[in-house]
Protein chains: 2
Amino acid sequence: MAQVVADRRDVDFVLHEQLNVAQLSRFERFEEFNKKTIDMVVSEARNLAIKELLPYLKEADEEGCAFDNGKVTVPKAFHRAYGLFCEGEWIAMCDDPRWGGQGMPATVALAANNYFNGANYPFMLHNILSHGAGKLVECFGTDKQKQLFLKKMYTGVWGGSMLLTEPEAGSDVGALTTKAVPNDDGTYSIVGNKIFISSGENDLVENIIHPVLARIEGAPAGTAGISLFLVPKFWVHDDGSQGQFNDVVCTGIEEKMGIHGSPTCSMALGGKGQCRGTLLGQANKGMSAMFVMMNEARLHVGMQGFACASTSYLNALNYARERVQGSAITAPKGSPGVPIIQHPDIRRILLTMKSYSEGMRSLLYYVGFMEDMLHVSDNETDKQRFQGIIDVLIPVAKGYITDRAFEMCSLGVQVFGGYGFTKEYPQEQLLRDCKITQIYEGTNGIQAMDLLGRKLGLNKGRAFTDLLAEVQKTIDTAKEIQALSPLAERMDAAVMRLMETAKSLGTVMGKNISAAFAQAHPFLDVTGDVLMAWMLLWRASIAVQNLAEAPKKKDVPFYEGQVKSAQFFIHSVLPVSLGKMEAIMAGDTAALDISEDAFGTK
Amino acid sequence: MAQVVADRRDVDFVLHEQLNVAQLSRFERFEEFNKKTIDMVVSEARNLAIKELLPYLKEADEEGCAFDNGKVTVPKAFHRAYGLFCEGEWIAMCDDPRWGGQGMPATVALAANNYFNGANYPFMLHNILSHGAGKLVECFGTDKQKQLFLKKMYTGVWGGSMLLTEPEAGSDVGALTTKAVPNDDGTYSIVGNKIFISSGENDLVENIIHPVLARIEGAPAGTAGISLFLVPKFWVHDDGSQGQFNDVVCTGIEEKMGIHGSPTCSMALGGKGQCRGTLLGQANKGMSAMFVMMNEARLHVGMQGFACASTSYLNALNYARERVQGSAITAPKGSPGVPIIQHPDIRRILLTMKSYSEGMRSLLYYVGFMEDMLHVSDNETDKQRFQGIIDVLIPVAKGYITDRAFEMCSLGVQVFGGYGFTKEYPQEQLLRDCKITQIYEGTNGIQAMDLLGRKLGLNKGRAFTDLLAEVQKTIDTAKEIQALSPLAERMDAAVMRLMETAKSLGTVMGKNISAAFAQAHPFLDVTGDVLMAWMLLWRASIAVQNLAEAPKKKDVPFYEGQVKSAQFFIHSVLPVSLGKMEAIMAGDTAALDISEDAFGTK
C-alpha cells in the first residue's frame, strides 16, 4: 500500500541510521527505549494517525467549530479521537511518568508527532496547547500547583491554553494591558481581554487551565512588568475538586483561512470581577518563563508546517504515479498517455518536495536529538554546546521550515492540476492549514530577527560556530566518499560563504542595526538552505556507505534516492542561495531609505 | 483617502509616462482615445470597481454558488453588479463597436481590468468567459453565427463559457472523448462530459453559448481530430428567437479553495440525445482555433493573478501605515510603539510587494500595448516583430506573474500577522483566489514548457532576441543617466547571462529534450526576473528624468519610489536569479535519473 502522511522507511532512516536514537537507551533516563520499543511507539502512533485522525481531516475542516453564547464545540469526530489519544497517553510523551508522562526521547516523540500532525494537525493543536500549558506548571509551578493541575493536564482530563496576545499586543507582547490585582488570600484578580487563543474554550474537556500573561498593578511597563498566572476556567479547590466558573468567558471565535477544527478564541477575563488566578513562577518574570517554553513551542510549529508538507508530498507522489496524462516527452506524437511522474517538470517538482521533506525531517528530529543529548549529558561544556545548537536551530526549525513547507504545499497543489484546487483532494486544505504556521508563535519575520539579533551572536558567536562545526564533520566525511566528494566540495564552499555572510552582517549590525535587520529574513533563508543541504549530504553519506554493503533489495532505491536528493539540492538550490548571500553582502538599503510616501500614493 | 486595488498614480504612470498610450490616437482605429478619454475610461472603471464590486468580495466568497437540480445560482450581489457592468458596456471593451464593443486599446482595457479584477476577480471570471466565447464566434463564426450570437454575447444579454477539459483530458486536451455526429440539417449531435467549466451554468443570463471541443465521428485521434462547436444552452432559431433546452445539463459544481463566487461546473452534453451544435470554424481545426484565443486568455489570467497581488499590496501598505506594534528598532527599549511600516523587515516585505506589483503592471500593460501596435501597424516586418514579442511574453505574463503573484499574496497575509489569517481582512481570500491562476488556462508547468519549447525558438529565435533588443534599449538609456548607470551595468550583465542560459538550454534541447524540460520552470523564473528588472529600470529612467524637471511636489516621492524599486530589485532579487541561471546551466539531471521507486516507498 502507498505510504501516506510520512514515509515510514524515511522516518526509520532518520531515527536509526542517521541519528541512531536507540543509543540513548544506554542512559538511565531512556533505558526502556531500545530500537524495538522505539519502533513500537512509532508504529502505534502511525496506526492511530492513519486510522483515527486522517479520515476526519476533511470532515473537521468542513464542520469547523461552533460558538454559541460562550460555549465552543469542536468537530464531532474529534471527541472520539481525543478519547483514543488520551487513552494512548500521547499528550505528554516526553514527560515525567510521575505526572502522567511517557518519558520518551524527544526524537521519538517528534516521529510520532510527524504522523499525528501530518494526519490531522488542527486536531493536534488542542493537545499541543494542553501540553505546553502543563509544561509551564511543571517548570514554574509550586508543589501545590503541580499537585492540583499537572497530572490532569498531562493525561488530558483537563485542557490548557496560552493567553498571551491582545488586540494591541501581538508581536509586541510587552504592550499588553491585562491587569492582576493581589487579593488577601494570595490569589490575584485578573481583568483583561485576550485574542487568538487556540483552544481557549472547547467541549473536549471538563476544565481548562489557562496560563495568562498579565501585569500586576504597579509593575513596570513593557516586558519587565509581565507576570504569569494560572487561571482555571472552573476554580479548583485545594482538595482538587472543581469549583465555580471563574469568569473566563469566550466571547467569540475567529473565522479563518484554515485549521477550522481548532477554535481560535477571544477571551474576556474578569468581566464580572470574578476572575482569579494564582501566580505561576515569580512576579514580573512572566516573559522569561514564556521564553523557556518558546523553544518547545516553536519546534512544534516547525513540525506542524513540515507535517503538512510531508503529507502533501506523499499525496502528490501517489497521484503522480497513478494519474495518466499526456504521452512521454521523448515518445513520438500520439503515443499513449503515461503517468505524469514520467514528465520532467513533474519530476522536478516531486524531487523538490522530496528533498525538502527529507531535509526538514532530519533537521527537526535532529533538534529533538540535541534536546535528548542535553538531558542525558552530565558534562557542562557539552550541555552548553547542545543548548547553543538548539537555540540557533529553533528559529530555522520554525521560520525557515514553515516558509518552505508552505511553498511545498503549494507545489503539492500544482501536481494535482485543477483537482488540487478542489476540496475533493486534501492538497488545498494542507496549503490553507499550513499558512498559519508562518505566523503564529512569533511570525517568521520575528524568527528571522531572533536568528540574526540573538542567536548569531549567542555565547559570542560560539553557538553558531558549534553548529557549523557539526556541518563540517559531515562535509569531511562526504569528502572521503568518492561519489559524494564533488557535492562535499560545493557544500564546503557554501558553508564558507555563509560564514562570511554572517560575519559581514555582524559588522553591519554594529554600525547600522536597521540595515542588518533588513537582511534578517534573507539570512534566515540562506542559513536554512545550507542546513537543508547539510542534512541531505549527511543522509547521502550514510546511503552510499550502505549501498556498498549489500543492502536489502528493497532498500536500494531508497538509498539511491538519498543520493539524488542531495545531488538535486546542492546543484539546483544551493547556487540560488549563494546568489542570495551575494545580495545580503551587497547590503542594499533601498527598503530603509525609501520614504513612507514613496511606497504608494495616499 | 488611501489607494485601494491599484494605485491610480501608478496606473497613470504606466499608461501615459511609460507607454504613452495616447499616441495610439493618431491611428484611425483608436482616434477617439486621446489622453482625456483614456483617463475617463480608467476613472469610470475604477469607480465601478471600488463602489460596486469591491464591497461584495467577501460576501460573495461566503455566500458562494449554489447547485440545485441542474440550476446554478451565483451570489446575489453579482446580479446588480452584472447589470451595471453590462450597462457600462465593459464586457467587450476592445471589440468592434458593430458587435457591441467599445473599440478601445487593449492597454486601456487592461488598466480597467486591473481595477475590476483587483476588486472582485471571481465576479469578473463570468465576463471574461463570455467575452472569450464571443471572441471565438467573432474569429471563426460564419456570418450567420455572428448575427445570431455575437452582439448578445458582447453586450452580456447572453453568457458564454469554454467546454474543453474532461476528467481524463486536462493538460492533455488531445485525449478528449466528447463526440460529434453530423445530422442531416448541418448541425451535429454532441455527446460527452466536461468538467471544470467556469460559468458553465448560472442565473445571470437568459442563455449561455458554449464553445465545445469535440471529435467528429471518425476523426483522427489526438489534437489533430478535434473540432470546435457552438452549443447553446437554449437553441437559437434562425430568427434569433430562443428555442428549446438543448440538453446541456449542469450535473454539479466544484467545492473549491477559492473563487467561490464563480461556479465551476460539470456539464453533461447529450445525455438524452438532444444536444445539438453547429461547427465553429473548420472541422478538425478546433485546437488551432483555441490557440488563437490562448494569448488573450492567458494574458487575462496573468492579470487576474496580478490584480490579487496589487490589491494585497495596497491593503498591506495601508495596514502597515496604521498598525502600531513595537518600538522602532533604533529607539531605546521601552519607547512608544510605531506603525509597523517603520520596521526593517516589514519595509523589506512591502518593497518586495511594491516592486513586483509595479513590474507586473508594466509587463502586462506592455503586452497589451504590443497588441495595440500590432493592430495599427501596416508594416509586415513590424507586425511580425510585435507578434513575436507578444508570443514570447505570454507564458511569462501568465506563468511567471501568477507564480510571483501568489507569493506576493502570501506576503500580504504576513504583514497582517494573525489578523491576515482571519476572514476579518481580505488578505487570506486574495491568497486563496489567486491560487487557481497558477493552474488554469494551462498550468504554469505548461507555460514553462511553452516558453522553452515553442517560444524560445520561435522564428529561429528571432522573437526572443527581438524582445531582448527592447530590453537593451532601456539599458542603454539608463546607462546615460548617472544615477542609474550602476543598475544598468548590472542589468546588462544579467541580460547577457540570460542569453547564455537560453543558448545553453537550446543546445541541451538538441541532445536531451528531457534534460532541457527539467529546467523549463527555472528558465521561466529567470526570464521573468530579468523582464521585471527591465520594467523597473525603464520606470526608474523616466522617474529620474522627471525628477530633474521640477516635478509637482506630490510626484516627488512617487518618482523616488520608482528608483527605489529598481534599486531593490536589481540589487536584491537579480543576484538570486543569477544563481538560478548558474544552476540551469549546470544542468543537473537528478530529477530525470532518479527511479520512480526512489521517490518514496510504495
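Some observations on this one:
- 0 to 90° range, to nearest 10: angle between helix A:401-415 axis and chain A longest Cα axis: 60 degrees
- 7 Å along Cα→Cβ, label-point gaps from B:GLY273 to other copies, nm, shortest first: 8.4
- Look at the stretch A:569-582: the mean tally of other chain Cβ atoms within 10 Å of its residues' Cβ atoms is 6.
- Reach of A:LYS179 by Cα under 16 Å, taken over aspartates and glutamates that are not fewer than 8 positions away in the same chain: A:GLU166, A:GLU168, A:GLU217, A:ASP247
- Per-residue average of Cβ from other chains inside 10 Å of B:253-264: 3
- Copy B relates to copy A by a rotation, and the B residue whose beta-carbon is nearest that axis, with the distance in whole angstrom, is B:GLY579, 1.
- Ranked by how many other beta carbons lie within 10 Å on average, peptides B:296-304, B:377-385, B:458-466 from highest: B:296-304, B:458-466, B:377-385
- Shielding score for A:339-345, defined as the mean number of other chain Cβ atoms within 10 Å: 6
- Per-residue ellipticity at 222 nm, computed for chain B from helices alone with -39500 (n - 2.57) per DSSP H run of at least four residues, works out to -16500 deg cm²/dmol.
- Whole-Hz ³J(HN,Hα) from phi, Karplus 6.51 cos²θ - 1.76 cosθ + 1.60, for region A:67-73, glycine and proline x: 10, 8, 6, x, 9, 10, 10
- Between the alpha-carbon centres of region A:38-111 and region A:456-513 there is a gap of 39 Å.
- Seen against the Cα atoms of chain B and their longest principal axis, helix B:380-395 is set at about 80 degrees.
- Helix axis angle, B:106-140 relative to chain B longest principal axis, alpha carbon, degrees: 40 degrees
- Computed from label points 7 Å out along Cα-Cβ, the spacing between B:ASP185 and A:GLN384 is 9.3 nm.
- Taking the DSSP beta bridges with both ends in region A:96-212, the antiparallel portion is around 60 percent.
- Of the trypsin sites (Lys or Arg not before Pro) in region A:55-157, those whose Cβ has at most 14 other Cβ within 10 Å and which sit in DSSP loop: A:LYS76
- Estimated vicinal HN-Hα couplings, Hz - region B:214-224 in sequence order (Karplus 6.51, -1.76, 1.60; Gly, Pro = x): 8, 10, 5, 2, x, 6, x, 5, x, 5, 5
- Region A:121-250: translational diffusion in µm²/s, Stokes-Einstein, Kirkwood Rh over Cα pairs, 10 °C, 1.306 mPa s: 106 µm²/s
- Under 13 Å between alpha carbons - lysine pairs in region A:16-169 that sit 8 or more apart or on different chains: 4
- Length available on full extension from B:LYS423 to B:ASP555: 0.36 nm per residue minus the Cα-Cα distance, which gives 44.0 nm.
- For region B:451-592, lysine pairs with C-alpha atoms less than 19 angstrom apart, excluding pairs fewer than eight positions apart on the same chain, total 10.
- Put in order of Cβ neighbour count within 10 Å, fewest first, the listed residues B:CYS265, A:CYS250 become A:CYS250, B:CYS265.
Each reported figure results from applying straightforward, stated rules to the coordinates on display, with no laboratory input. Everything numeric here is computed off the predicted structure, so don't read it as measured data. Don't worry about glycine lacking a Cβ; one is built from the backbone with ideal geometry, like all the others, and counts go over all protein chains shown.
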